[in-house]
Amino acid sequence: MRPMQECDVREVVRIERGAYPFPWSPGIFRDCLRVGYCCWVLEHRSILRGYGIMSAGARESHILNLCVHERFQGRGMGRLILDHLLEVARGHRALTVMLEVRPSNMQALHLYRAVGFNEVGTRRGYYPAEGRREDALIMAMELQSDTPGGARRDSRDATRR
Ligand SMILES: CC(C)(COP(=O)(O)OP(=O)(O)OC[C@H]1O[C@@H](n2cnc3c(N)ncnc32)[C@H](O)[C@@H]1OP(=O)(O)O)[C@@H](O)C(=O)NCCC(=O)NCCS
């Protein structure tokens, strides 16, 4: 994992367009770099395999994008990027990490549940879809907890924003 740079945006956008039906534009990635979001790429043998983008705050971090090149999906790279983002969030002393995901995105849902995210709500009509809008599931994970076994506890009360 290494920090994303402006010169990576071209390749990142290529991966984004292959992986999402409604991809982010190059301008969105550049804005994320400009405002100082945590932007990381996974590079292996000089080839970008995926990336993750997160806004990190003292209390809450928000994963804004997590993507693996479509050719390299299902090989543990998404998990690797997500684990890295969670470490970065811990470094910012975030208590909660939030994200949105399409309810139809089984691959992503499986990954988020596996690392300990819980579903805490819905954003109606959040995503564009073919001829309609799709709701987003809001997921949250607590990084610190006063309960034994801590981070994996039900975080339905973690939607404080
Ligand atoms: C979602 C995404 C980031 C996951 O990354 P990945 O590298 O494919 O996933 P991994 O190989 O790390 O697998 C993570 C878990 O998901 C599971 N998984 C992988 N593909 C799956 C599938 N098609 N169906 C169900 N589970 C699947 C794996 O078994 C693994 O679980 P395990 O650790 O319990 O075995 C990746 O598929 C992707 O970039 N998708 C397109 C962009 C996207 O939708 N991003 C998420 C936006 S919220």
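Listing for the model above:
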| read-out | value |
| --- | --- |
| Cα-projected label distance for Tyr20 with Arg2, points at 7 Å along beta-carbon direction, nm | 2.4 nm |
| Whole-Hz ³J(HN,Hα) from phi, Karplus 6.51 cos²θ - 1.76 cosθ + 1.60, for the range 81-86, glycine and proline x | 5, 4, 4, 5, 4, 5 |
| Rounded to whole Å, sorted largest first: equivalent-ellipsoid semi-axes of the chain, Cα gyration tensor | 24, 19, 15 |
| Calculated FRET efficiency for the pair Leu80/Met106, C-beta based, R₀ 30 Å, to 0.05 | 0.95 |
| Glu70/Asp135 FRET efficiency (R0 30 Å; Cβ-Cβ; nearest 0.05) | 0.80 |
| Cα gyration tensor category, rounded, prolate or oblate, for the range 64-147 with a/c compared to 1.5 | oblate |
| Sum of side-chain charges, Asp135 neighbourhood, beta-carbon under 10 Å (Lys, Arg +1; Asp, Glu -1) | +2 |
| Calculated over the range 66-112: convex hull of Cα atoms, volume per residue (Å³) | 74 Å³ |
| Under 5 Å, built H, 5+ apart or other chain: amide partners of Gly50 | Leu42, His69 |
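A short reminder: the numbers here are calculations on the coordinates, not readings from a lab. Computed from a prediction, not measured in an experiment: that's the story for all the values here. Cβ atoms come from the backbone with ideal geometry, glycine included; neighbour counts cover every protein chain shown.
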